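I have placed the structure first, in the form of structure tokens, so that the comments after it can refer back to it.
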Amino acid sequence: MRKSKNTRLVAIIIIAIMMAVSVGYTVWMLHTHPDVYPSTTVTTTMTAKQESNHSVVNSMEKSVLLVDRSGSTAGTTIAGSNYESVLDFSSGIGVASGYSEIAEAIQEELEAGYLRIGVISDMEEYRSDGGTDWSALNGMFSNVEVKIYLTQNFDDSEVLAGMQALESVLDKSTCTLRVYDSYGTVLSRFGGFDNFDYEAYLDSMSEEVPVEVVNTYVSNAGNSIPYSDQILEREFWFLAFCIMAILLLALVGDSKNTTPAPIGQAIHQSDGVLLDGSGSVAGDYDKMISYCENEGKTDVIRFADDVKEISLNKAKKLPAGGRTAGYEAMKLAYEKGMKRIMLVTDGAFTDEPAIAKDVKFEKIYFVGTTLSIERLKSFADEIEEIYL
């Protein structure tokens, strides 16, 4: 047993040294090999299709195209539009390079009476007060078309948040709400509906006039996952593996020869061990015999059909079985002057509590796998439960 413990200790020390060397090497690598981000400027053309009638002028009446000019959409330019007005916005209509107050801009144009509203944005709502929700949208609007033209880069969760807010203020039975990607494709995964009354708005809708957006952005042409992140990830998993190995080495051993700390402490602090020898706790019986041996206990009070104080060696040879005379065992321990006892049982006594009516211990350490202490509370000033 001692040789096994020494071997585990040596193994733990070796693993700890490996961990320290690995951390030092990782720090050196990150210091001498910084991340590299070569960049390039890429220009793409995005097209979001819209329907119109034969007369482009008529189709533009009561329409506005809002272009997000916040920091996250910098570089976006408009190549063409079939909207009557094209307005920049960020921290308000007509403001560029500010915050991204998308909900506020849409609400303002809805209240102004525009029937067709287009929005070029990444849908990242961010106000000057630090808020990111779409609470600025309120009320209920009918006979309105709102179409979102997403820029090259966007986050699905932010688009969904915006769409949910828009759906709450638009009458689904009379309005249209659609999201397009940078290639003019409807992104139905974000929801929406298409019930705007075009016939009442125009005499006919037969040709398609695209809204072309030229978006210039800077993309990373270097490693997509930073070198430092890759090194740190590998280091994390290596250290996690080492920690698990140390824990296993520290914990794995001969379970028969290892007493759990709470049970070992209770054995030493109690005046006697009362051991249930009935059939219902056969597994616990053998385990507790082993623990008592480990802690140098020489005798126990065993209770089953009868109650006896016997040597541990004799108790070890007796098989578990019979009744559970627990109250009689407590009475015997009390009569022997024991004030603190360790009671190993499932609590399913078969004798009567009246047998131990005058018994009162300072403390009972109640040990088992299925514990029930209700019937023991009157027999001790303190009861401590310990699970096997």
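Just so you know, all these numbers are worked out from the coordinates, no wet-lab data involved. Everything numeric here is computed off the predicted structure, so don't read it as measured data. Cβ atoms come from the backbone with ideal geometry, glycine included; neighbour counts cover every protein chain shown.
Taking a ≥ b ≥ c as the square roots of the eigenvalues of the Cα gyration tensor, the stretch 304-388 is rounded, since a/c falls below 1.5. Here the spin labels are modelled as points 7 Å beyond Cα on the Cα-Cβ line, and at Glu84 and Leu247 they lie 6.7 nm apart.
Close amide H partners of Asp299, meaning residues 5 or more places away or on another chain with modelled amide H under 5 Å apart, are Leu312. The coefficient of translational diffusion for the stretch 141-181, derived via Stokes-Einstein from the alpha carbon Kirkwood radius under 25 °C and 0.890 mPa s, stands at 227 µm²/s.
Among the listed pairs Lys316/Lys360; Lys336/Lys377; Lys287/Lys314; Lys314/Lys357; Lys287/Lys339, those with a Cα-Cα distance over 26 Å are Lys316/Lys360; Lys314/Lys357.
The distance from the alpha carbon centre of the stretch 328-351 to that of the stretch 133-207 is 76 Å, rounded to a whole number. Between the amide H of Asn153 and any residue lying 5 or more places away or on another chain, no distance stays under 5 Å, with hydrogens modeled in the peptide plane.
Highest mean first, what order results for 349-356, 135-142, 272-279 on Cβ atoms within 10 Å?
Details: 349-356: 15.6, 135-142: 14.1, 272-279: 24.2.
So the order, starting with the most tightly packed, is 272-279, 349-356, 135-142.
For the stretch 332-373, what does the alpha-carbon gyration tensor say about shape, rounded, prolate or oblate, given a ≥ b ≥ c as the root eigenvalues, a/c under 1.5 as rounded, and a/b over b/c as prolate? Verdict is oblate for the stretch 332-373.
Computed 3J(HN,Hα) for the stretch 304-319, one whole-Hz value per residue from the Karplus formula 6.51 cos²θ - 1.76 cosθ + 1.60 where θ = phi - 60°, is 8, 5, 10, 10, 9, 8, 10, 5, 5, 4, 5, 5, 5, 7, 7, x, glycine and proline marked x. Amide H to amide H distances under 5 Å link Leu170 with Phe141, where only residues 5 or more positions off or on other chains count and H is placed in the peptide plane. Coupling constants for the stretch 143-149 follow from the phi torsions by the Karplus curve (6.51 cos²θ - 1.76 cosθ + 1.60, θ = phi - 60°), and in residue order they are 6, 10, 10, 10, 10, 9, 10 Hz; glycine and proline get x.
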